[in-house]
Each structure stands twice: as structure tokens, then as C-alpha cells.
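Data block below; observations after.
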Amino acid sequence: MIRFRMLVLSSAAGCLMMATSLTPLRAQTENKPQAEQKQPQAKNKAEYDAYLAMYNEQDPNKKVDLATKFLTDFPDTEFKPYVYQIQINTYASMGKPDKVVEVGEKFSSDFPQADNNTKKFVFQRVMQSYQQLNNFEKTVEYGDKLLALDPNDLPALLTLSSILPERLPQAEDKKAQQLDRAMEIAQKAMTQVNALTSGPKPAQITDQQWAEEKNRLQASVRASTGLVHLNKKEYDKAAEEYEKSTSLVRNNPIDFYRLGVAYAVQARALAKELNDMVASLQGQANPDAAAAEAAKAKEKKFAEMRDKAIDALAKSVFLKGFTEQQARAELERLYKTKNNNSLDGLDALISQAGEALKKPVP
């Protein structure tokens, strides 16, 4: 049921969560006392001209080619750490995570003495690129490196809180430890998100982008918290968190699927309890009135959970995604319990659920 989910950052999130990104030419000297700053020096005009041409090149393919050539032509250059950063940033913009991690790993081994701002610039991009490559272990490794540099690093907090509940150890004790850590990180992430979103809007994005970004950040943490609860079998708490995440961002089929699962499990538990209550009443010559009322209340609660599960799963199916097949199978099972073992009208219900997603949240 649970797969390693990639946390995709929006363009606006790039403005917010990459706030530590620095212009490569000054990345290592930012925030240092003037006496400690040491600018790189070209050994000759050819080196200077080659670096300047590479730095000013706007075409990303040409830029990375010029960077590679520069490092080949000037292997002892003082500009090497900055060229690495330019390569990393350009490859990231080109959607080449394999190249980002290749250069990022070189940077980590070649420049362990780099200052924290520069390391954060590199490690954030390497972490996210490993996540895009679905490499769980290396994503966690670089997330931990970022938190070692800055315990409040938001990209690391968001990423780790998202992926740690996705890939759990088999051993129960280690699984519990990882879930507890994921919850702790998610709580820290929420603190940082609240601080960020309560501040002023960044000048470079619109009011609508800012509103959408605040929703995305809040929804991300809510979904991560929901998954921790889901793995802990705390289904009522999981449903509560996923209700919040799906009200903020309404186009994520995974969150709607997991919301549906949280309600479906509760519905199954209620169905079992209801069956036991009904069986007990049927065995009585004079059924107790209070017990009969309790059974009716239980039946009402079961129908509520089942209907909420159907609604969430129908929205997940409408939105598709890699959970579509699982969502449809669970949806059909629940729908049959409500409609005399028939699937008539299910497609119409899915369409209605899709239309409901287009309406503003009440």
C-alpha cells in the first residue's frame, strides 16, 4: 500500500525553501568577516575569460559544456567550487538529477572545508535529486547532513518527514523508532512552515502563488503526519490529518487514497462490532431496548465512515495516479456493500466526486 513518494517542489517553493541559495561567485564568502573573505583569483586572462564566458552563458546545455571544459582546461583553478555549484544548479534546472548527484558528491569529497551556506546550497539539491532518483538511503543521508548543519532547514524537514514513514524497517522496534522520528521532524517542519507563512509575502511571487504555496507547505506536513498515524494504525488521527491536507491541496490522489483507507478501516471495525451486537440481540427472547439503540447508533456511525471512505476513494480514482488501481478496488468493495452488491452508478459517482473537487472548500 505504501510506496516511496516523491515530494515535488513548486516553482514558488523554490523561492521559499531555497532561501539559502547563493550566487556561486560569492557563496563561500557570504556572512564572513571581511578580513576572512578570500576571493578566487584567475591565474591568467585565459582562465578569467573562460570562467566569465561560462558564468554568463544563458543556454543551460552550453553552460554545462563550458563548465566541464573549464575544469579540464584549468584543473588547479581556484574557481572549482563555484563551477561545481554552477553545474549543480544548471543540471537541477535541466531536470537531470543523476548529474546533480554526480557533481554534488564530487563537491562533498573535494571541499569538506566549505562553509555551511555553500554546503546547504549543494546538499539541498543533492538531497532532492536523490529523492527524484528514488534513492531512499542517500536522500535520508543528505537530509541528515542538512539537519546537522541547521536543525531548522525546511527542505530537509519536509523531505525527511515525507519519506521516513514511506519506507519502514521490518523489525517492529526499529519501525516504531523511525515513525517517532518522522513525527518529531514533521512537528518541527510545521513550526518552520507556520513561521514562514505568517511572514510577509516574498516580492518575487504573486498573491495567488503565495496563497497556493502556503497551502502546499501546510498540506505536505499534514500528509506526512497522517502517514505516520496510518502506519501506527491510529486511523482516526490519520483521517483527521488527511482531511486537512486534502482541503488545502485538492489534486493529490495519494492523499485522497490514504484518507479513504483510514475511513475504510474504521468502517470495517465498526461493521464487525455491529454484526456482533446484532447477533447478540437476535439471541435474546426480549431484546434490550438500550442495546437496540446502541446498535442503531453503531450502524449510523458505520454508514458515515463507509460513505466518507467512498467519497475520498472516488476522488482518488478521478485524479488517477499510481494508487488508482488500489483505490478503485477498495472503492468497488465498499460501494457494493451500499448498493446490494451492484456497481451500477459507480462511474457517475466518480464523475460527481471530480466535479466536487472543482468547487471551493466550504
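The values are calculated or read from the model by the stated rules, or taken from the named source; none is laboratory data. Bear in mind the structure is a predicted one, so any value in this text is a computation, not a measurement. Note that each Cβ is placed from the backbone with ideal geometry, even for glycine, and that neighbours are counted across all protein chains shown.
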Quick one: how many residues across segment 43-80 are within 19 Å of V100 (Cβ to Cβ) and of a type in the set (S, T, N, Q)? 2
Among the residues of segment 144-171 satisfying the criterion of being of a type in the set (G, A, S) and over 13 Å from the mean Cα position of the chain (by Cα), which is nearest to D98 (Cα to Cα)? A148
Options S224, S247: the member that is crowded, with 24+ Cβ neighbours inside 10 Å and of a type in the set (G, A, S): S224
Would you mind finding the one in P202, P151, P165 that is out of contact with any Leu (no Cβ under 8 Å at 6 or more places or on another chain) and outside any helix (DSSP H, G or I)? P151
Number of positions in segment 30-66 that are modelled with pLDDT of 95 or more, part of a loop (DSSP other than H, G, I, E, B) and surrounded by 14 or more Cβ atoms within 10 Å (Cβ to Cβ): 1
Positions within segment 278-328 being closer than 23 Å to R258 by Cα, assigned to a helix (DSSP H, G or I) and among the hydroxyl-bearing types (S, T, Y), in sequence order: S316
How many residues are within 14 Å of V228 (Cβ to Cβ) and charged (D, E, K, R) when one looks only at segment 153-172? 2
Can you tell me how many residues within segment 134-148 are part of a loop (DSSP other than H, G, I, E, B) and surrounded by 15 or more Cβ atoms within 10 Å (Cβ to Cβ)? 1
